Each structure stands twice: as C-alpha cells, then as structure tokens.
1. If the requirement is being in contact with a strand residue (DSSP E or B) (Cβ under 9 Å, 6 or more places away or on another chain) and either under 17 Å from VAL214 (Cα atoms) or among the basic types (Lys, Arg) (or both), which of these qualifies: ALA41, ALA106?
2. Read through the list (1) at pLDDT 90 or above; (2) in contact with a helix residue (DSSP H, G or I) (Cβ under 8 Å, 6 or more places away or on another chain); (3) within 23 Å of ILE290 (Cα to Cα), then give the number of the only condition that GLY45 fails.
3. Quick check on my filter: what residues within the stretch 244-267 are aliphatic (A, V, I, L, M) and surrounded by fewer than 16 Cβ atoms within 10 Å (Cβ to Cβ)?
4. In the stretch 15-66, which residues are in contact (Cβ under 8 Å) with a residue 12 or more places away in the chain and acidic (Asp, Glu)?
5. Would you call ARG17 open to solvent by 10 Å² or more (accessible area, probe 1.4 Å), modelled with pLDDT of 95 or more, over 16 Å from the mean Cα position of the chain (by Cα) and within 25 Å of HIS218 (Cα to Cα)?
6. Among the residues of the stretch 32-83, what is the count of those that are closer than 14 Å to ARG17 by Cβ and loosely packed, with under 15 Cβ neighbours inside 10 Å?
Amino acid sequence: MTAPEKHTPASPRPATRLAPSPTGALHLGNARTFMITWALARQRGWRIVLRIEDLDTPRTRPGALEDAIDTLEWLGVDWDEGPIIQTRDIAHHVAAVRRLAERGLAYPCALTRAQIEHAASAPHEDAGAPEGPPGTGAAEAPGKEIRFPASLRPALGPRAFDDERTNWRFATPDRPVSFADECAGAQTHRPARTVGDFVVWTSRAQPSYQLACVVDDHRQGITHVVRGDDLLDSAARQTLLYEALELGPPPSYCHLPLVRGEDGKRLAKRHGDTRVARYRAAGVAPQRVIGLLAWWSGFQSGRAPLSAQEFREACRIASIPPGPVTFTSEDDAWLLSRR
C-alpha cells in the first residue's frame, strides 16, 4: 500500500472528490472511476468529498442522487464530507464570473438553448455540440467551442456582470498549457485552437461545467482529480481559469482510460443496460462487480470476485492498461452467471 502523502499543519490535507451527476444511474464505467478514486484516496491519505454535480438541471432525474449514494455505499465506497449539492450555493460562481468580466477576461455572447444545455454538462467526447452563436459566421464542430476574434469582444467596465441571465464566454489566451498527468503522462494542449472561447456562464443564471469545477474544487480544497480521459482537454481549460481567477495551482490530474462498448464508443445506453443497479437487482454480489472492475484495471489476472478492501490494496495506477477498456457480452454473462 502506498504511504500517505505528507502535509504540514499549515497546509490543507490533500483531497479528492467523487462527483456523480444525477442525470442517470451509475453504470460500470462510472463505478470503475469512483472505485479507483476511492482506493487511491484511502491509500494516500486524501480526504474524500462527495459532490453532486447537478448543473444540468433539465436532465436531472428524480431519485438519481439517492440512487448514486446507495450504489456507492453498496460497492463499499465511503467519503469524509458531503454530499454537497452544487446548485445550492452558486454565490461563489457568480463572484468568479464577475471577476473575469471586470478583468476583461470574459464577455457576453448570444447562445441558443441547446448551447446553454451543452455548456452545463461535462464535455464528454460523444456529447456533440450545437451550432455556433448567431453572427459569427461559424458553426461548432462536434465537441468544439467558437474562437471569437478579439475585435468582437466588447470593452467591459466594472459593472459588466450586473445581469446574471446573460451568457458569457472566457477569452481564451492563445498559448499552450502543459501539465503532468499521473495516468495519461505529459500533456500539452492549446485550448484557444481546439475549443476557442468557451462558455463560463449561461442565461439560466448558472455557471458552466468548466467554471463550476474550478470554483468548487478550489473552495473544497481539492488537490487531486481522478476522472475519465474524455475530460483530459478540460484540464487545460480549467488550468487557464485557475490562473485567470488567481486561485493558485490547479489540482494534480489523473485521467483514466474510458470503459467503452464493443463498438469502441463511450459506454452508454446504446450498449444495453450496464447500470450497477441492474446487476444488484439481479442478485449479483458487489464483490463480483468489483472483481470485474479490478480485472479491467489490471489489478488482477482474470475475472474473479474481490472485496472493496482487496480492490483498495491492489489498486496501482501503473497497473492500468494504457488503452480503453472494452465491456463485452462475456463480461455481462460472467457477472450474471453466479449470483
């Protein structure tokens, strides 16, 4: 087991977060990410914050929050703080976008309803993107934002953000952003050229995913972020926001290869019912689900039941295969073969 990281009483205890979104039930890919996050935290002495990321309010499903908590507990995952509901306290997000506006680092723009909803969600690789904002003469490629010419960005004053029902974009600086990722290795991204000026606030009077992540991670003392590698490019955008808001260094990142279906796409409903709750309802023991997650992650040599404690002890980032995991019909059959 890895020794706990040292920290002085003058600095906060290292921390990570579990951040489910209540837009649907946790599937096996979500479970793998949360199990690895939990195991690393317990190995290394990190505090764990449970944060419910419910900004995508039109897609929030009744009961999903309670189901997520119940599923995590069934798998043996625990936490030290929370659940913290993201939408219940957005005053700090308001202050952050106001600071960006006053410094001339964010500006108002027109967005369609579809673009607003897109901005509220984590930008997964297959989420798609709506058309570009009116008047730019450009349409967004899938997963991309718009690069606004500086000449189209209005000159802003100290009272620029008086109306919280205005859409705002971050004026992305055109320079590379480099960081070391514990799982994905050395990274260099140039958000200005890949996503352009991205949304930080929407006319629903809510922050975008990118801004909310930065503000909440900073407020909650998050020093380590573990998530899927479809969000790898978000780390560069969030690093720029940390700098623009003068919040100090961003967290350390660890982006895990995704669990995909046999078609190579990110695990989703099109691959059948991969919800953890489905297997639980069918009488599958949590040790069997955990064992499959451990095998996918290189923590054991084959499919075999494993307890949460054994998963925690076996978890090593160096053991995780570099490529994506494929969920197969054989995996499904193995889970259901012995209940």
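The values are calculated or read from the model by the stated rules, or taken from the named source; none is laboratory data. A quick note: this is a predicted structure, and the numbers were derived from the prediction, not measured. Counting neighbours? That spans all protein chains shown, and the Cβs are built from the backbone with ideal geometry, glycine included. All accessible areas refer to the heavy atoms of the entire protein, side chains included, with ligands and DNA or RNA removed. Shrake-Rupley method; radii C 1.70, N 1.55, O 1.52, S 1.80 Å.
1. ALA106
2. Condition not satisfied by GLY45: (2).
3. Residue satisfying the conditions is LEU247 alone.
4. Answer for the stretch 15-66, where residues must be in contact (Cβ under 8 Å) with a residue 12 or more places away in the chain and acidic (Asp, Glu): GLU53, ASP54, ASP56.
5. It is false that ARG17 is open to solvent by 10 Å² or more (accessible area, probe 1.4 Å), modelled with pLDDT of 95 or more, over 16 Å from the mean Cα position of the chain (by Cα) and within 25 Å of HIS218 (Cα to Cα).
6. Qualifying residue count for the region: 3.
For every residue, the table says whether it meets (1) touching a Pro at 6+ places or on another chain (Cβ under 9 Å); (2) in a helix (DSSP H, G or I); (3) farther than 19 Å from GLY323 by Cα.
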{"position": "VAL200", "(1), (2), (3)": "yes, no, yes"}
{"position": "ASP217", "(1), (2), (3)": "yes, yes, yes"}
{"position": "GLY221", "(1), (2), (3)": "yes, no, yes"}
{"position": "ALA236", "(1), (2), (3)": "yes, yes, yes"}
{"position": "LEU247", "(1), (2), (3)": "no, no, yes"}
{"position": "GLY283", "(1), (2), (3)": "no, no, yes"}
{"position": "GLN287", "(1), (2), (3)": "yes, yes, yes"}
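Here's the yes/no breakdown for (1) farther than 21 Å from CYS254 by Cα; (2) open to solvent by 20 Å² or more (accessible area, probe 1.4 Å); (3) out of contact with any strand residue (DSSP E or B) (no Cβ under 7 Å at 6 or more places or on another chain):
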{"site": "GLN300", "(1), (2), (3)": "no, yes, yes"}
{"site": "PRO305", "(1), (2), (3)": "yes, yes, yes"}
{"site": "ARG312", "(1), (2), (3)": "no, yes, yes"}
{"site": "ARG316", "(1), (2), (3)": "no, yes, yes"}
{"site": "PHE327", "(1), (2), (3)": "yes, no, no"}
{"site": "ASP332", "(1), (2), (3)": "yes, yes, yes"}
